[in-house]
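Encoded as structure tokens, the structure appears first; notes follow it.
The values are calculated or read from the model by the stated rules, or taken from the named source; none is laboratory data. Everything numeric here is computed off the predicted structure, so don't read it as measured data. Here the Cβ positions follow ideal geometry from the backbone for every residue, glycine too, while neighbour counts run over all protein chains shown.
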Amino acid sequence: MLVLTRKPNESIMIGEDVEVSIVEVKGDQVKLGISAPKNVKVHRKEIFLAIQRENIDASKPVIDKIGEMGGIFKKKKVN
Amino acid sequence: MMKIKTKPYGEIEVNEKQRIFFPDGIIGFEGIQYYFLLDSREGPYYWLQAEKYPELAFILINPRIFKEGYKLMVREEDYKSIGIEEMNNCLDFAIVTVPEDPKRISANLMGPIIINKKTRKAKQVISENDEYTVKHYIIDEEKSRKEDLVESR
């Protein structure tokens with residue numbers, strides 16, 4: 001992994017069109033500014049990981065429990 | 001018509017129109033691109049059955065049936081990436097997690113699935129609505145929905 005030291009208001013370029021700048025450093029928090037083309041997805045890593053974990057759990061439904069749940073899991077008309 | 005093996009119903013006949021293509025796969029299952037969308041025989045939810053992996057199937061639900069005021073908020077680029085130009089062509093679902101304890105059945109509103117109805121291209125996206133998490137317990141959401149209804153009378 002490349003490790004770079006930067007100060008507030010400095011930035012790094014990733015490729016030609018992604019720029020990550022250090023907006024503010026306060027205690028243990030770093031505020032980053034990211035300029036990237038719209039097709040480049042930028043997410044907090046923990047959100048991505050949370051979805052990944054949930055998908056893995058969801059891929060193993062305990063089928064015989066579905067019927068035990070009332071309400072929406074019983075057949076009814078949906079508007 | 002063709003036959004596929006499914007997790008909930010064994011071998012069944014499916015129609016080409018039920019075949020959904022995820023160019024990027026589903027998060028955590030990136031290599032798997034083809035699924036079939038099946039009506040559930042038991043209730044108002046759906047199965048997203050992997051075409052080539054009978055053991056892999058997700059349960060999908062329309063969040064509006066349990067979540068009061070649910071609003072899909074997705075980036076424009078995500079819609080465009082699967083060719084959705086107008087919302088009439090968009091189908092959206094939440095993936096449901098069914099653990100041992102049925103009280104803890106939950107829906108993931110942070111990572112909804114959107115499908116282009118015309119081309120049947122689909123994508124799991126990250127919700128732009130910060131209030132939505134990966135675990136909304138359906139039983140709790142339903143309860144608060146009913147309470148809301150009572151209060152509004």
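Quick look at the values:
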item	result
Test result for B:Val134, within 9 Å of chain A (Cβ to nearest Cβ) and not aromatic (Phe, Trp, Tyr)	yes
Contacts under 9 angstrom Cβ, first residue in the stretch B:53-65 being surrounded by fewer than 22 Cβ atoms within 10 Å (Cβ to Cβ), partner in a strand (DSSP E or B) and among the acidic types (Asp, Glu), 6 or more apart	B:Pro54/B:Glu11; B:Asn62/B:Asp92
Given (1) more than 26 Å from A:Glu46 (Cα to Cα); (2) crowded, with 20+ Cβ neighbours inside 10 Å, index of the condition B:Gly10 fails	(2)
Selected residue [surrounded by fewer than 20 Cβ atoms within 10 Å (Cβ to Cβ), among the polar types (S, T, N, Q), at pLDDT below 90 and more than 20 Å from A:Ser59 (Cβ to Cβ)] from B:Ser81, B:Ser152	B:Ser152
In the stretch B:49-73, the residues that are touching a Phe, Trp or Tyr at 6+ places or on another chain (Cβ under 8 Å) and more than 10 Å from chain A (Cβ to nearest Cβ)	B:Gln49, B:Glu51, B:Lys52, B:Pro63
Residue under evaluation A:Asn55, criteria (1) closer than 30 Å to B:Pro99 by Cα; (2) loosely packed, with under 11 Cβ neighbours inside 10 Å, criterion not met	(2)
Residues being within 13 Å of the chain's Cα centre (by Cα) and within 12 Å of chain A (Cβ to nearest Cβ) - total across the stretch B:102-125	11
Single unsatisfied condition, B:Lys103 versus (1) part of a helix (DSSP H, G or I); (2) at pLDDT 95 or above	(2)
Tabulated pairs, the stretch B:1-22, first under 26 Å from A:Asp64 (Cα atoms), second in a strand (DSSP E or B) and acidic (Asp, Glu), C-beta under 8 angstrom, 6+ apart or interchain	B:Lys3/B:Glu11; B:Lys3/B:Glu13; B:Ile4/B:Glu11; B:Lys5/B:Glu11
Any pair with Cβ under 6 angstrom, 6 or more apart, that starts in the stretch B:74-101 at a residue that is at the interface with chain A (Cβ under 8 Å from one of its Cβ atoms) and ends at one that is surrounded by fewer than 14 Cβ atoms within 10 Å (Cβ to Cβ)	B:Glu77/A:Lys38
Residues satisfying the stated conditions in the stretch B:27-43, i.e. within 11 Å of another protein chain (Cβ to nearest Cβ) and within 16 Å of B:Tyr9 (Cα to Cα)	B:Ser40, B:Arg41, B:Glu42, B:Gly43
